[in-house]
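Q: Structure below; questions to follow.
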Amino acid sequence: MKILSFGSLNYDHVYQVEHFVVPKETMSADSYSRGFGGKGLNQSVALARAGLEVYHAGRAGADGRPFVDFLESSGVRTEHLLLDGRSVSGHAIIEVCRGENRILIFGGANRQIDSAQIDRTLPDFGEGDILVIQNEISSLPQLIRAAKGRGMKVFFNAAPMDSAVKDCPLELVDTLCLNEIEGAALAEVSPDSPGDVAAALHTKYPDVEILLTAGEQGSWYMSREERCHMPARRVAAVDTTAAGDCYIGYYIAGRCMGRDIGGAMRLATCAAALAVQRHGAADSVPAIEEVLRNE
């Protein structure tokens with residue numbers, strides 16, 4: 001079984017700040033760093049560090065060679081990553097304040113993925129392989145339909161939430177993952193009770209497995225056959241930027257290892273708890289050996 005992570009690649013510009021910038025305010029940052037991110041890249045790294053065979057497909061600009069080097073150093077295959085000299089790479093401006101973050105994304109080359117690139121990539125994958133996608137790239141409806149046509153399982157992290165998610169054939173997705181705010185927007189309910197949000201999503205998409213994350217409140221899984229809630233671990237978070245991506249990668253890895261739902265959620269919860277205690281996005285994702293020691 002192979003994992004195809006068809007997703008975004010961003011250069012992250014990270015600023016540590018005393019408080020989030022408000023309208024009309026100019027403020028000095030306490031520190032600055034640049035790293036690798038994008039939900040697609042973060043999830044590819046998490047999947048690979050969890051021990052899976054992962055292929056990253058996506059698109060970066062002429063300045064994208066460092067993405068290739070970083071992914072390969074993390075154990076991710078990159079032959080399906082396209083460097084497009086006509087585009088600029090995606091990037092994100094990230095404010096971090098007391099462990100929480102505020103993020104502004106420019107899609108760049110991530111939004112230039114088209115049917116031609118999908119048609120070149122998917123023939124290398126088929127029955128039983130897993131497609132992992134997020135809402136930071138273009139052509140998602142075509143990608144979902146093409147993957148299902150080849151017998152692949154589709155895991156969709158519907159973030160960031162916008163109207164494009166509702167244009168996707170969500171009934172074809174095998175597992176839909178969101179946080180409680182995104183899930184509430186999609187289900188059109190209040191986000192106050194994550195368990196109720198997960199239940200509303202399950203009612204709306206009864207044939208889709210629902211995986212909902214809610215930070216300190218833990219995570220919820222719902223399907224026709226099973227329901228599970230996994231409490232979060234209590235840790236001192238310094239940066240939550242890639243916590244959800246780390247969780248998703250390790251959840252998928254847990255299921256691929258043969259764990260049951262609760263076991264996969266427990267593994268993912270431990271990995272995310274380790275990640276939030278470190279600065280950075282992809283750089284914060286732990287290796288499987290460390291996660292198993294701390295589980």
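Q: For the chain, what proportion of DSSP beta bridges, expressed in % and rounded to the nearest 5, is antiparallel?
A: Numbers: 22 of 54 bridges.
That works out to approximately 40 percent antiparallel.
Q: What is the Cα centroid distance between the range 43-118 and the range 201-253, reported in whole angstrom?
A: Comparing the Cα centres of the range 43-118 and the range 201-253, I get a distance of 23 Å.
Q: Reachable aspartates and glutamates from residue 24, Cα under 17 Å, same-chain residues fewer than 8 places away excluded?
A: Result set, ordered by chain and number: 95.
Q: About the Cα centre of the chain, what is the dipole size in debye to 20, counting +1 per Lys and Arg Cβ and -1 per Asp and Glu Cβ, all else neutral? Don't jump to the answer; show the numbers that get you there.
A: Values: 28 positive and 39 negative charges, 58 e Å.
The calculated dipole for the chain is roughly 280 debye.
Q: Pairs of Cα atoms under 8 Å, at least six residues apart: use those to get the relative contact order of the chain, whole percent.
A: Numbers: 693 pairs, mean separation 50.6, N = 295.
17 percent.
Q: Oh, and also: Please list the helices of the chain that count as membrane-span-like by this rule: a mean Kyte-Doolittle hydropathy of at least 0.5 together with Cα atoms stretching 18 Å or more along the helix axis, each helix being a complete DSSP H run.
A: On the way: long enough: 243-256 (20 Å, 0.32); 261-275 (21 Å, 1.42).
Within the chain the helices that satisfy the rule are 261-275.
Q: I'd like to check one number: the per residue accessible area of the chain, probe 1.4 Å, reported in Å² as a whole number. Working shown, then result.
A: Working: 12520 Å² over 295 residues.
With all protein chains present, the chain gives 42 Å² per residue.
Q: Can you give me the % of accessible surface on the chain that is carbon or sulfur? Probe 1.4 Å, all protein chains present, nothing else counted. Walk me through the intermediate numbers first.
A: Details: 6130 of 12520 Å².
Exposed carbon and sulfur together represent 49 percent of the surface.
Q: Give me the distance in nm between label points sitting 7 Å out from Cα along the Cα-to-Cβ direction at residue 148 and residue 98, one decimal.
A: For the pair residue 148/residue 98, the computed spacing is 4.4 nm.
Q: Taking amide H atoms as placed 1.01 Å from N in the peptide plane, list the residues 5 or more away in sequence, or in a different chain, whose amide H sits under 5 Å from that of residue 279.
A: none
Q: Using r as the Cβ-Cβ distance of residue 259 and residue 2, and R0 as 22 Å, what FRET efficiency do you calculate, to the nearest 0.05? It would help to have the intermediate numbers written out before the result.
A: On the way: r = 19 Å, r/R0 = 0.87.
E between residue 259 and residue 2, to the nearest 0.05, is 0.70.
Q: Would you mind giving the average projected area, over all directions, of the Cα convex hull of the range 20-107 in nm² with one decimal?
A: Details: hull surface 28.7 nm².
If you wrap the Cα atoms of the range 20-107 in a convex hull and average its projections, you get 7.2 nm².
The values are calculated or read from the model by the stated rules, or taken from the named source; none is laboratory data. Being a predicted model, the structure only gives us computed values, none of them experimental. Every residue, glycine among them, receives a Cβ derived from its backbone with ideal geometry; neighbour counts consider all protein chains shown. In case anyone asks, the SASA skips ligands and DNA or RNA and just uses the protein heavy atoms, side chains included. Shrake-Rupley method; radii C 1.70, N 1.55, O 1.52, S 1.80 Å.
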